[in-house]
1. For segment 46-58, take each phi angle, set θ = phi - 60°, evaluate the Karplus expression 6.51 cos²θ - 1.76 cosθ + 1.60, and give the result in whole Hz per residue in order, putting x for glycine and proline.
2. Mind giving me the FRET efficiency for Arg222 and Lys350? R0 is 56 Å, r the Cβ-Cβ distance, nearest 0.05 is fine.
3. Taking the alpha carbon gyration tensor of segment 261-365, what are the square roots of 5 times its eigenvalues, largest first, to the nearest whole Å?
4. In whole Å, largest first, what are the principal axis extents of the Cα atoms in segment 365-430?
5. Computed over the Cα atoms of segment 404-449, what is the convex hull's projected area averaged over all directions, in nm²?
6. So what J values fall out for segment 65-72 if you push phi through Karplus, 6.51 cos²θ - 1.76 cosθ + 1.60 with θ = phi - 60°, rounded to Hz, Gly and Pro as x?
7. When only DSSP loop residues count, what chymotrypsin sites (Phe, Trp or Tyr not before Pro) in segment 332-427 have their Cβ near at most 14 other Cβ atoms within 10 Å?
8. Mean residue ellipticity at 222 nm from the helices of the chain, using -39,500 (n - 2.57) per DSSP H segment of n ≥ 4 over the full residue count, to the nearest 500 deg cm²/dmol?
Amino acid sequence: MNKLSNIFKTSGILPIFLSFLCLSACSNDGSVRSINEFGVVPDTGADVTASFRSALEECKKSGVDTLKLAPGRYDFWPENAVKREIFISNTSSEVECPSKVKTLGILVENQDGLTIDGCGAELIFHGKMTMISTIHSKNITFKNLDIDCVRPAGSELVVENIEPGHVTVRFKPDSWYSIDDEGHLELVGEGWKTEHPHCIEFDPSTEYMTGSDCWDILDESRAVELEPQLVRFDVQDTDIFTVGNTLTVRDRYRDEVGILNLESEGVTFRNVGIHYMHAIGAISQFSRDITYDHVNCEPREGSGRILASSADFLHFSGCAGKVRVLDCRFSGAHDDPINVHGTYLRIDEKPSPKELKLRFMHHQTYGMQAFWKGDTISFVNSASLQTKSYAVVEDVKALNSREVLLTLKDEVPGDIVPIEDFVENLTWTPEVEIRGCRFTRTSTRGTLVTTPRKVVIAGNEYIRTGMSAIYISGDASDWYESGAVKDVTISGNRFIDCSFCDGRKRAVIFIDPTNKVIDPLHPVHTGIKITENYFETFGTAPFDSKSAEVSMEDNEIVSTGHALIISGI
């Protein structure tokens, strides 16, 4: 909830005050409508999914600028949501999740100009859903909202007692389970169960989140419920368990996303609390000018939870314009809080002088439209990650979910080699500004970014990210996330005890393209400036790089009690 809401929440006059604001706005401006006018009433416990969708359709027809909600709780169920087949980047393979049908709770589609002002409302989602989707729309703002799930897809249990042959855990209230007659416990939700579990353990004494085998052991052990939420497991090898630690368990397979911005422009989230997102978080895919301003991706205050997303928080795939993440808080992701990248497609064939047959290579990214007529592309060698030349797209044809046929404006350059060379869409690469944010409680990285346009990462706090706080890669062999950076400023950030569990890659800022052929005269990444940052480390290198042009100046490092000032590399 935003700061204004918090002030009045404790006094008990929040609903009256915010209702007055909403009614006042509606009575003074014909372009502002109240959700109540469409029969959508909070705090009834009823499913508002269909009626909320009707309100949005009416706003589109009537040219409404702002839809205001009355404060209170609105419940959304999947039964009345829109079902739509959508291929989404970095989600699931054909084997993991054959169906790409998504359940869209709130859908803004083909809309130009709408603000949904929650006035402090709570949007509560049931089952597994893509909670909010903006598709083929422009100038859409969501503000003053809290978003949460009745049963988050991530389960949490605290180790309460360890004794010979037994481990006793307490499940948190919104982590549901069932135990069959044979004593096997399953993690269940509203219409789903966890079938492919992955466990991350949280240690409150260090606030570290690290990979854990504890759930694998419990999952194979006989369970007995001692009282509601308190379960004892028969465990012979108890050595890896620690009293007081929380086990966080989610399903590996990404069947939904939390929020989807698809082929849209000018989408803004402002003063929004996002307390859980299923499967993976907010994905912006081939969208332009996306802003997250004062958005808190973290467990609801007082919930006692650790997790707020089953994977990334904010994921930007093939975006353009400017990505802005301002004054946000990120706590409790099972993967990277922010990831900004494009996608390398492999050149499989040259069917004719102007044609290329391309292939999506990563198992979780395929089927999406990745090119449009007029786009500028680059040809990149997979071994060196060096750009060979450029071209302009004349036509695009999807051959199937994995293969794309591009027709170019001019002939394919003669030195392009199928299988060895890849294509990056340069038109769909964004500027990035990440400023004033706080990152903590993740076992992975804090921020990943690969884009050739201007990047500013400034004035942020990175606290105990398991891997590198900032990671710049570029990869045409594994994740196929493009591409080379040209202008990155990392300035005025605080890095506290980051990269504590990353093995040989222990560096707070890590520049690590995956090129196998390295030319010292032609680094993959250039224009990286690291200035005036504060590093507090415990045996971890503040910086490491490969095939990169980097300048460093006036960074302060405090390591094992000794302060150093670094100027230059």
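The values are calculated or read from the model by the stated rules, or taken from the named source; none is laboratory data. In this text the structure is predicted, and so the values were computed from the model without any measurement. Cβ sites come from the backbone with ideal geometry, for glycine too, and all protein chains shown count toward neighbours. These accessible areas exclude ligands, DNA and RNA; they are computed on the full protein's heavy atoms, side chains included. Shrake-Rupley method; radii C 1.70, N 1.55, O 1.52, S 1.80 Å.
1. Computed from phi, the couplings for segment 46-58 are 7, 6, 9, 4, 5, 5, 5, 5, 5, 5, 5, 5, 5 Hz.
2. Details: r = 60 Å, r/R0 = 1.07.
According to the calculation, E is roughly 0.40.
3. On the way: eigenvalues 220, 55, 14 Å².
Each semi-axis is √(5λ); the values are 33, 17, 8 Å.
4. That works out to 27, 26, 25 Å along the principal axes.
5. Numbers: hull surface 25.3 nm².
Taking a quarter of the hull surface, the average projection is 6.3 nm².
6. Values, residue by residue: 7, 9, 10, 9, 9, 6, x, x Hz.
7. Values: sites: Tyr344, Phe360, Tyr366, Phe371, Trp372, Phe379, Tyr390, Phe422; in loops: Tyr344, Tyr366, Phe371, Trp372.
Here the sparse-neighbourhood loop sites are Trp372.
8. Here the helix-only value at 222 nm equals -2000 deg cm²/dmol.
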